[in-house]
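Input: a single structure, listed below in structure tokens.
The values are calculated or read from the model by the stated rules, or taken from the named source; none is laboratory data. All values derive from a computational prediction rather than experimental measurement. Positions of Cβ are generated from backbone atoms using ideal geometry, with glycine treated the same way; all protein chains shown enter the neighbour counts.
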Amino acid sequence: MRYPQLLIYESDGRLAALLRETARDRKWALREPRQPESCLDLLRGECPSVLVLKMGRSPERELTLLERVSWLFPTTATVVVTDTENAALAGLAWDLGACAVLVPPLPRDQLPDLVTGLMASVEV
């Protein structure tokens, strides 16, 4: 059996730092792909997965990845995280298949509990 994996797609490593201890304690493989194709390759392993996507300066790339993951790997739970409050972007993330969208003013310290709950739902 393969360990569940937590994929974090971001450019600065902050979300990975926030989730590293949770992943270690729960024996999840924590991966930080930097390219969309690398992320998709990791999901092809058919183990329970949660993908955390941080929106960058040009969110088209991340939204395209979200759409592809939702279509190709429907059992993967996805969380979208943004730095700014943007209702249109959040709505689009929901429409493209995000399981959760974390936008300000919601605090990032909720992310470990959110990911833990999603991982429990995909491990079944």
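If you take the residues of the stretch 83-94 that are modelled with pLDDT of 95 or more and in contact with a helix residue (DSSP H, G or I) (Cβ under 9 Å, 6 or more places away or on another chain), which of them is surrounded by the most Cβ atoms within 10 Å (Cβ to Cβ)?
Checking each candidate, the answer is Ala93.
Can you work out which of the residues in the stretch 31-49 that are over 14 Å from Thr64 (Cβ atoms) and in a loop (DSSP other than H, G, I, E, B) is modelled with the lowest pLDDT?
Going through the qualifying residues, I end up with Glu46.
I'd like the full set of residues that are under 24 Å from Ala120 (Cβ atoms) and charged (D, E, K, R), limited to the stretch 28-63.
Within the stretch 28-63, Arg31, Glu32, Arg44, Glu46, Lys54 meet the criteria.
Only residues that are out of contact with any Ser or Thr (no Cβ under 9 Å at 6 or more places or on another chain) and in a helix (DSSP H, G or I): list them for the stretch 78-110, please.
Ala87, Ala88, Gly91, Leu92, Trp94, Asp95, Arg108, Asp109, Gln110, listed by residue number.
Table: residues versus (1) within 16 Å of Leu19 (Cβ to Cβ); (2) in contact with a Phe, Trp or Tyr (Cβ under 6 Å, 6 or more places away or on another chain); (3) not aliphatic (A, V, I, L, M).
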| position | (1), (2), (3) |
| --- | --- |
| Arg31 | yes, no, yes |
| Leu51 | yes, no, no |
| Asp83 | no, no, yes |
| Leu114 | yes, no, no |
| Ala120 | yes, no, no |
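Any residue at all in the stretch 1-15 that's among the small types (Gly, Ala, Ser), free of Cβ contacts under 8 Å to residues at least 40 places away in the same chain, touching a Leu at 6+ places or on another chain (Cβ under 8 Å) and surrounded by fewer than 18 Cβ atoms within 10 Å (Cβ to Cβ)?
No; the residues of the stretch 1-15 include none that is among the small types (Gly, Ala, Ser), free of Cβ contacts under 8 Å to residues at least 40 places away in the same chain, touching a Leu at 6+ places or on another chain (Cβ under 8 Å) and surrounded by fewer than 18 Cβ atoms within 10 Å (Cβ to Cβ).
Taking Ala77, is it buried (at least 17 other Cβ atoms within 10 Å of the Cβ), over 16 Å from Gln5 (Cα atoms) and modelled with pLDDT of 95 or more?
It is false that Ala77 is buried (at least 17 other Cβ atoms within 10 Å of the Cβ), over 16 Å from Gln5 (Cα atoms) and modelled with pLDDT of 95 or more.
Could you say whether any residue in the stretch 54-61 is part of a loop (DSSP other than H, G, I, E, B) and in contact (Cβ under 8 Å) with a residue 40 or more places away in the chain?
We begin by selecting, within the stretch 54-61, every residue part of a loop (DSSP other than H, G, I, E, B); these are 55-59.
Narrowing the set further to residues that are in contact (Cβ under 8 Å) with a residue 40 or more places away in the chain leaves 56.
Yes.
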